[in-house]
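Student: The structure under discussion is supplied below as structure tokens; questions concerning it will follow.
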């Protein structure tokens, strides 16, 4: 595996760079050495086949290691491991907000260096897999017509809202993020009391919320939705989240009401009392 990996080593001290490169090559890696942040950025632009960057935090004059790392991550997504020394605690603080996959103390030896590189690859691949799976889930959620949201049961914070909310309610997602109960303002006044009653019952431990009710969109149009909310428990049985869906059922509801009206009309026509 190491033979297929290419490392960009960014180290301004030539002797240290040569020593580290020798250890990496002995571990089976291909290594390119550069001695400044500017050279590192250019190397990444030039060679997108690089697999990892081993970046010295303090590169002397010019762009620092953290600054170079930020620019590199804007060009290419790849793991960055920082090289540091015991006396560079202040420098380490500068990379706290940069996506990184570890630190290596200089002169810590071949075993630590190679183990840190291997761990960085494992973490990066795990993060890539999670990101891929999250992206798949996001694409699925954005492709369905039902609105979906996930809310923290303790804080009330909206953890996720699907874009279909805007299509159904006609309201921006940002409003629901700022005020998770703002959707209630659109519920038809005749349906609102029952909605509140059922929600309160669910939050008190009663049955899951499942109800059809009307909403009024900003343009005055009245739509029917079927909303369902379920409680999500953790492994200890404690409530942690609420998961809810809302489906626009206006067409089905209107078709059913038309059918009911037609049945009543026919029933009235056939009623002997109505037609003596």
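Student: Do the conditions hold for residue 257, that is, is it assigned by TED's automatic domain parsing to the domain that holds residue 205, modelled with pLDDT under 90 and surrounded by 10 or more Cβ atoms within 10 Å (Cβ to Cβ)?
Tutor: yes
Student: Tally the residues that are touching a residue at least 60 places away in the same chain (Cβ under 8 Å) and either over 35 Å from the mean Cα position of the chain (by Cα) or assigned to a helix (DSSP H, G or I) (or both), restricting the search to the range 14-37.
Tutor: Result for the range 14-37: 6.
Student: Test residue 112 against the criterion of being touching a strand residue (DSSP E or B) at 6+ places or on another chain (Cβ under 8 Å), in a helix (DSSP H, G or I), without any contact (Cβ under 8 Å) to a residue 60 or more places away in the chain and closer than 30 Å to residue 23 by Cα, and give yes or no.
Tutor: Yes, satisfied.
Student: Given the structure, is residue 63 in contact with a helix residue (DSSP H, G or I) (Cβ under 9 Å, 6 or more places away or on another chain), outside any helix (DSSP H, G or I), farther than 25 Å from residue 115 by Cβ and assigned by TED's automatic domain parsing to the domain that holds residue 128?
Tutor: In short, yes.
Student: Give the residue that is surrounded by the most Cβ atoms within 10 Å (Cβ to Cβ), with candidates limited to residues of the range 1-13 that are over 34 Å from the mean Cα position of the chain (by Cα) and modelled with pLDDT under 90.
Tutor: 12
Student: Just name the residue that is surrounded by the fewest Cβ atoms within 10 Å (Cβ to Cβ) out of those in the range 169-180 that are in contact (Cβ under 8 Å) with a residue 12 or more places away in the chain and not in a helix (DSSP H, G or I).
Tutor: In this case the residue turns out to be 170.
Student: What about residue 206, is it within 30 Å of residue 254 (Cβ to Cβ) and assigned by TED's automatic domain parsing to the domain that holds residue 254?
Tutor: no
Student: Also: Checking the structure you have, find out if any residue of the range 199-211 is in contact with a strand residue (DSSP E or B) (Cβ under 8 Å, 6 or more places away or on another chain), assigned to a helix (DSSP H, G or I) and crowded, with 16+ Cβ neighbours inside 10 Å.
Tutor: yes
The values are calculated or read from the model by the stated rules, or taken from the named source; none is laboratory data. As the structure is a prediction and not an experimental result, all values here were calculated from the model. In this analysis, Cβ positions are derived from the backbone assuming ideal geometry, glycine residues included, and neighbour counts consider all displayed protein chains.
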